[in-house]
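Visitor: So that we are looking at the same thing, I have put the structure below in structure tokens.
The values are calculated or read from the model by the stated rules, or taken from the named source; none is laboratory data. Since the model is a prediction, treat every value here as computed from it, not as a measurement. Note that each Cβ is placed from the backbone with ideal geometry, even for glycine, and that neighbours are counted across all protein chains shown.
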Amino acid sequence: MSEKKVGVAVIGCGRMGKRRAVATTSHPSSHLEVVSDTDFGRAEALAKELGCRAVQDPTRAIDDPAVGAIFISTPNSTHAPLALHALRAGKHVFCEKPLSIKVEDAREMVREAESRKLSLVVGSNVRFFENVEKAKELVEKGVIGRPLFARGWIGHEGWVLKTEPWSQDPAIIGGGTLMDNGPHIIDISRWLFGDVDQVSGQSFKRLHQLPDAIEDNFFATLVGKEGMPILFQASWTEWNGYFFLEAYGTEGRMSIDSRGDAALVTVVGKDQRVQSFDFSKAEKQSFKREAHEFLGSLGAMSPHLESGRDGMRVVEIIQSLYRAAREGSRVSSLSR
């Protein structure tokens, strides 16, 4: 007898929600039961396209007895209340980044998931970029030796300010480009090089007309527990997009290049020997692979995914960076 498929609900039918819903339809052990959006017309359109039900009220989708796993693809400030409702209803949760905009909410979400032995995953599709995966493998093999420092940037031209109007509301987005793009580079830095002990940062508004609490550029320094510094910029004025990170170690250097259509990893040893890995022509499957990894590991957390605890640390680090920018000082990464 075939194993029963897990019913899935997708909350939010915008760009990200549609990606998650489509990925669910191709996973062998899950079934897309229902999609939900406050814009019911958008939910109906996606439901018709994918052959599932549509509801407007997200709690109806979450509480549906046919649903065992939830994708939350809604604006930032709604992540915590929706995820907590789902966890308390006994559902596994995949939440887009950031896990929340408040540290205390992130911690509560992790407590609920762990106490109920449910999966809580944060969207970090950059972990599934082929060049980032290769970089992870090379770092773990010690190809560049002991990492000494890293620097990089992440961002785009600020397209979210036009297509997602809530991104200009501080109460909803919770910050600027650091809250939008920053979660990815912070997560990847931790994934490659370990956790963060102290942070410092500066916030700038260089181009876009934005509320006081929202920045279009943020420059940060993260210092690891063993003293490794990582310098990065998050930007809404980056015309080339999207991601670049280079690390220097005792035996050489490595760059991860996802600018434009590139998907490269380059290693240069101290002897100047070059190794290049080019994934630029590979089909882009990061969102699909990430969703499938979540659905295939419910209740048994996959180390490839960003866990709820990882997502909580990212929120703590972001809020510590904002505090450091306000105070003009280096602060602990454990935001209070």
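Visitor: Which of the residues that make up the range 250-274 are among the small types (G, A, S), within 19 Å of G155 (Cα to Cα) and out of contact with any helix residue (DSSP H, G or I) (no Cβ under 6 Å at 6 or more places or on another chain)?
Guide: Within the range 250-274, S255, S258, G260, A262 meet the criteria.
Visitor: Output the residues belonging to the range 276-323 that are of a type in the set (S, T, Y) and surrounded by fewer than 17 Cβ atoms within 10 Å (Cβ to Cβ).
Guide: S276, S280, S297, S302
Visitor: Further question: Which one of the conditions (1) within 18 Å of the chain's Cα centre (by Cα); (2) exposed (fewer than 15 other Cβ atoms within 10 Å of the Cβ); (3) of a type outside the set (G, A, S) does R326 fail to meet, given that it meets all the rest?
Guide: So R326 meets the others, but not (1).
Visitor: Inside the range 220-269, can you point out the residues that are touching a residue at least 24 places away in the same chain (Cβ under 8 Å) and of a type in the set (D, E)?
Guide: Once the filter is applied, which keeps residues that are touching a residue at least 24 places away in the same chain (Cβ under 8 Å) and of a type in the set (D, E), the range 220-269 yields E226, E238, E246, E251, D257.
Visitor: Also, I was wondering about something else. Being in contact with a Lys or Arg (Cβ under 8 Å, 6 or more places away or on another chain) and either at pLDDT 95 or above or at negative phi (or both) narrows it down to one of E290, E327, so name that one. Show your work before the answer.
Guide: Details: E327 fails: in contact with a Lys or Arg (Cβ under 8 Å, 6 or more places away or on another chain).
Result: E290 is the single residue among E290, E327 that is in contact with a Lys or Arg (Cβ under 8 Å, 6 or more places away or on another chain) and either at pLDDT 95 or above or at negative phi (or both).
Visitor: If you don't mind, another one. List every residue pair whose Cβ atoms lie under 8 Å apart, where the two residues are 6 or more positions apart in sequence or sit on different chains, the first residue falls within the range 116-129 and is without any contact (Cβ under 8 Å) to a residue 60 or more places away in the chain, and the second residue, located anywhere, is crowded, with 22+ Cβ neighbours inside 10 Å and assigned to a helix (DSSP H, G or I).
Guide: If the second residue must be crowded, with 22+ Cβ neighbours inside 10 Å and assigned to a helix (DSSP H, G or I), the pairs left are R116/L87.
Visitor: When you check V132 against the structure, is it of a type in the set (V, I, T), buried (at least 22 other Cβ atoms within 10 Å of the Cβ) and touching a Cys at 6+ places or on another chain (Cβ under 9 Å), yes or no?
Guide: Here the answer is no, as V132 does not meet what is asked.
Visitor: Looking at this structure, is Q285 in contact with a strand residue (DSSP E or B) (Cβ under 7 Å, 6 or more places away or on another chain) and not aromatic (F, W, Y)?
Guide: no
Visitor: Here's something else I'd like to know. Would you point out the residue of the range 62-109, among those that are in a helix (DSSP H, G or I) and of a type in the set (V, I, T), that is nearest to Q168 (Cα to Cα)?
Guide: The residue in question is T78.
Visitor: Is it true that E290 is farther than 30 Å from S29 by Cα and assigned to a helix (DSSP H, G or I)?
Guide: no
Visitor: Also, quick follow-up: For G41, indicate whether it is small (G, A, S), more than 19 Å from V122 (Cα to Cα), surrounded by fewer than 17 Cβ atoms within 10 Å (Cβ to Cβ) and at pLDDT 95 or above.
Guide: Yes: the conditions hold for G41.
Visitor: Follow-up question, since we're still on this one. Restricting attention to the range 110-123, does a residue exist that is under 23 Å from P170 (Cα atoms), surrounded by fewer than 22 Cβ atoms within 10 Å (Cβ to Cβ), aliphatic (A, V, I, L, M) and out of contact with any Pro (no Cβ under 8 Å at 6 or more places or on another chain)?
Guide: The answer is no; no qualifying residue exists.
Visitor: Hey, V93 hits all of (1) within 29 Å of I230 (Cα to Cα); (2) buried (at least 24 other Cβ atoms within 10 Å of the Cβ) but one; which does it fall short on?
Guide: Result: V93 passes all but (1).
Visitor: Just to be sure I understand, how many residues within the range 83-103 are of a type in the set (A, V, I, L, M) and farther than 19 Å from C13 by Cα?
Guide: 5
Visitor: If only one of T59, T74 is surrounded by 18 or more Cβ atoms within 10 Å (Cβ to Cβ), touching a residue at least 12 places away in the same chain (Cβ under 8 Å) and β-branched (V, I, T), which one is it? Please lay out each step first, then the result.
Guide: On the way: T59 fails: surrounded by 18 or more Cβ atoms within 10 Å (Cβ to Cβ).
Selected residue: T74, the only one of T59, T74 that is surrounded by 18 or more Cβ atoms within 10 Å (Cβ to Cβ), touching a residue at least 12 places away in the same chain (Cβ under 8 Å) and β-branched (V, I, T).
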